[in-house]
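Colleague: First the structure, which I've put down as structure tokens, then a few questions once you've had a look.
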């Protein structure tokens, strides 16, 4: 099965269009150019329709009767006395048992992401796959586990409160969407308050106070012995006479995910096969909980010895040039498409770019960090998957995987041409490790791709930019065990060290072909802006994509020691 690549994950290819493997993509819209940018106006309905949350300041009532539930909707009924905050996900009822899904329950788990789950499980409410679209996940939840989705939205966090009374239990969430990270849509926490009441007689109420988020799954999911399908309804218009429903829900979501083959074919059919990479940016959001995008492509250019081979050019409408691209457009309103963090963003999380504001600012004349750090992290990392990180090494007869997909955390992967800091680990993972010669190792830079970094020696070899003799011997640390921190706060680990050479990689994968003397040195990226049918691109979309384009062109000679040029031209 072909796969989509994203930081930390190898994901099966999701197709919203039901295309068979190897089938050529189809055009999604009309293509034109705006200066150095490619403009795609989607065909009407090309990505379906969004269905955003519309139950704010209302209460839903699910009344049990034989055959399921009757539904009613009315003005907000809100219990302002939340009761104590619960630190544990598991709730034990003391006054009554709650009838649901054919059983009476004395306990259940409350997920911080807005759900209630009955029976054995992970103690965290309902869960779905990291990249599952809500539109399809909502259907897939039916007849899996007994659950109630009050406002189920992955990645939310915050306190939960439980108050048990003689005839009911009240559960209240006061949670935020994730904020400040490269994969987030907001720099600052948001307010989302909602409440569930579970009554002794089996009645369920869901109430929605202040809700900033616009996508979630709402519904009741008892498990049916007969395997009855859950009914998706419009909860804002459903009437009691429409029921009863055995299981009933509504999925609130953004536009459907595009097929990556459709994206490349849309551009290449219109403008020709003259792009090595394609990056997409949009004025609309798609049904993904993360602001970034996976990457995918046919690996055009016919490179071998890197653990991956060229495949499926025709399905991407390429004659051999196109290599790799984003799987979906990055939303112009996400923080990834903003030049930098505003003032007031907390600087305490080392995974977030504000943490590095002072350090990066010290290296510039105006005291500011390089703009569009998040955007560079995303595009460099994803396009880097064209070459990395798939190789293994054969060491003393043992084949050691150095990835897969991303360099292993314990791989020594220093950057010879740093993008902005003196010490950087590869954009594709790994770390910069100091051997303390006592069985411990200090991690000087970690395997996360924030701030944006350059390429390791191994990356540069796989890219065809340095010869095998230029790759210093390195090592991989296995069986990592935390052992404290040093005086500068760097983590220290105990680990088993295995020396690796580039010849060990060649022994496992064969030599890189074309070699450093014949490899490609000039690349072209198509920077694509996408809008819905009948709409014009916003000023923010144009300006931000243009700025990312400029930064992307500058990034390459810095991080390759001037050995590669990157253009982003449409002609």
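Colleague: From the residues in the stretch 107-120 that are in contact (Cβ under 8 Å) with a residue 24 or more places away in the chain and either in contact with a helix residue (DSSP H, G or I) (Cβ under 7 Å, 6 or more places away or on another chain) or surrounded by fewer than 18 Cβ atoms within 10 Å (Cβ to Cβ) (or both), which one is nearest to residue 179 (Cα to Cα)?
Modeller: Taking the candidates together, the pick is 112.
Colleague: So which residues in the stretch 470-506 are without any contact (Cβ under 8 Å) to a residue 12 or more places away in the chain and not in a strand (DSSP E or B)?
Modeller: Answer for the stretch 470-506, where residues must be without any contact (Cβ under 8 Å) to a residue 12 or more places away in the chain and not in a strand (DSSP E or B): 487, 488, 489.
Colleague: Check residue 405 against each of (1) in contact with a helix residue (DSSP H, G or I) (Cβ under 9 Å, 6 or more places away or on another chain); (2) within 30 Å of residue 265 (Cα to Cα); (3) not assigned by TED's automatic domain parsing to the domain that holds residue 541 and name the one condition it does not meet.
Modeller: Failing condition for residue 405: (1).
Colleague: Still on this structure, I have one more. Taking residue 15 as the residue in question, decide whether it is in the same structural domain as residue 548 (by TED's automatic domain parsing), at pLDDT 90 or above and closer than 24 Å to residue 259 by Cα.
Modeller: no
Colleague: Then there's this: With respect to residue 286, determine if the residue is under 21 Å from residue 376 (Cβ atoms), touching a strand residue (DSSP E or B) at 6+ places or on another chain (Cβ under 8 Å), modelled with pLDDT of 95 or more and not assigned by TED's automatic domain parsing to the domain that holds residue 183.
Modeller: no
Colleague: So residue 302 fits all but one of (1) touching a helix residue (DSSP H, G or I) at 6+ places or on another chain (Cβ under 6 Å); (2) not in a helix (DSSP H, G or I); what number is the exception?
Modeller: In the conditions (1) touching a helix residue (DSSP H, G or I) at 6+ places or on another chain (Cβ under 6 Å); (2) not in a helix (DSSP H, G or I), residue 302 misses (1) alone.
Colleague: A further question follows. Out of 152, 96, 131, I need the residue that is surrounded by 18 or more Cβ atoms within 10 Å (Cβ to Cβ) and modelled with pLDDT under 95. Which one?
Modeller: 131
Colleague: So which of 181, 143 is out of contact with any helix residue (DSSP H, G or I) (no Cβ under 7 Å at 6 or more places or on another chain), part of a loop (DSSP other than H, G, I, E, B), in contact (Cβ under 8 Å) with a residue 40 or more places away in the chain and closer than 26 Å to residue 336 by Cα?
Modeller: On inspection, the qualifying residue turns out to be 181.
Colleague: It is to be established whether one or more residues within the stretch 507-529 are under 20 Å from residue 419 (Cα atoms) and not in a strand (DSSP E or B).
Modeller: Yes, that holds for at least one residue.
Colleague: Go through the stretch 196-230 and count every residue that is in contact with a helix residue (DSSP H, G or I) (Cβ under 9 Å, 6 or more places away or on another chain) and either surrounded by fewer than 18 Cβ atoms within 10 Å (Cβ to Cβ) or assigned to a loop (DSSP other than H, G, I, E, B) (or both).
Modeller: Summing the residues that are in contact with a helix residue (DSSP H, G or I) (Cβ under 9 Å, 6 or more places away or on another chain) and either surrounded by fewer than 18 Cβ atoms within 10 Å (Cβ to Cβ) or assigned to a loop (DSSP other than H, G, I, E, B) (or both) in the stretch 196-230 gives 3.
The values are calculated or read from the model by the stated rules, or taken from the named source; none is laboratory data. Since this is a predicted model, take the numbers as computed values, not measurements. No Cβ is skipped: glycine too gets one built from the backbone with ideal geometry, and neighbour counts run over all protein chains shown.
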